[in-house]
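Notes follow the structure.
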Amino acid sequence: MQVKIKHAKLGQVIDLLFNLSLKGKQSRHRTKFIQKLSERYKEVEEQRIELAKEFAKKDENDEPLKTKDGKGYEIEDQEAFQKEIKELFEEELVIDGGDNQGMLQTVKKVLDECDVAFSGVQATAYDYICDQLEEGVKHD
């Protein structure tokens, strides 16, 4: 089993799984899965910030300029920056079976048997992660 999750979907999937009420093995495997997703999510966020710095206008010391609110950077070439961000978000985290086989199967079972009514972003995230887990089973 191999599961691929696009970087753009990591946060939504983490949020969805985090809020499920589980016990025992299901909870442990869900937590392990979330940890793997969270590690990559953190890396992607760091890469996004580095891209923002790279594409930002620079001051006289060649340091990236922050926006007035201080929360972001003044991007010089918005089109090129957005292209790079899109590429970053289209990349995937790949979780191979092996040691993760049991965890992936447990998470799939939890989602298959889940009786929570999702709506909005959570419904989209639920559909996406179920599709990815189904796809992973097909490639066993």
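The values are calculated or read from the model by the stated rules, or taken from the named source; none is laboratory data. All values reported here derive from a predicted model rather than from experimental measurement. Note: ideal-geometry Cβ built from the backbone for every residue, glycine included; neighbour counts use all protein chains shown.
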Looking at LEU17, LEU22, which one is within 25 Å of GLN122 (Cα to Cα) and not in a loop (DSSP other than H, G, I, E, B)? LEU17
Index of the failed condition, VAL94 passing every other in (1) farther than 27 Å from ILE49 by Cα; (2) in contact (Cβ under 8 Å) with a residue 60 or more places away in the chain; (3) outside any helix (DSSP H, G or I): (1)
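Which of the following residues is without any contact (Cβ under 8 Å) to a residue 24 or more places away in the chain and either within 24 Å of VAL3 (Cα to Cα) or crowded, with 16+ Cβ neighbours inside 10 Å (or both): ALA52, ALA123?
Numbers: ALA52 fails: without any contact (Cβ under 8 Å) to a residue 24 or more places away in the chain.
From the options ALA52, ALA123, the qualifying one is ALA123.
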Single residue of the range 55-69 satisfying the filter (in a strand (DSSP E or B) and not hydrophobic (A, V, I, L, M, F, W, C)) that is surrounded by the most Cβ atoms within 10 Å (Cβ to Cβ): PRO64
Every listed condition ((1) farther than 17 Å from ILE129 by Cα; (2) at pLDDT 95 or above) holds for LYS36 save (1)
Please find, within the range 1-14, the residue that is surrounded by the most Cβ atoms within 10 Å (Cβ to Cβ) out of those that are in a helix (DSSP H, G or I) and either in contact with a strand residue (DSSP E or B) (Cβ under 8 Å, 6 or more places away or on another chain) or without any contact (Cβ under 8 Å) to a residue 40 or more places away in the chain (or both). LEU10
Quick check: is even one residue across the range 70-85 assigned to a strand (DSSP E or B), crowded, with 18+ Cβ neighbours inside 10 Å and out of contact with any helix residue (DSSP H, G or I) (no Cβ under 6 Å at 6 or more places or on another chain)? no
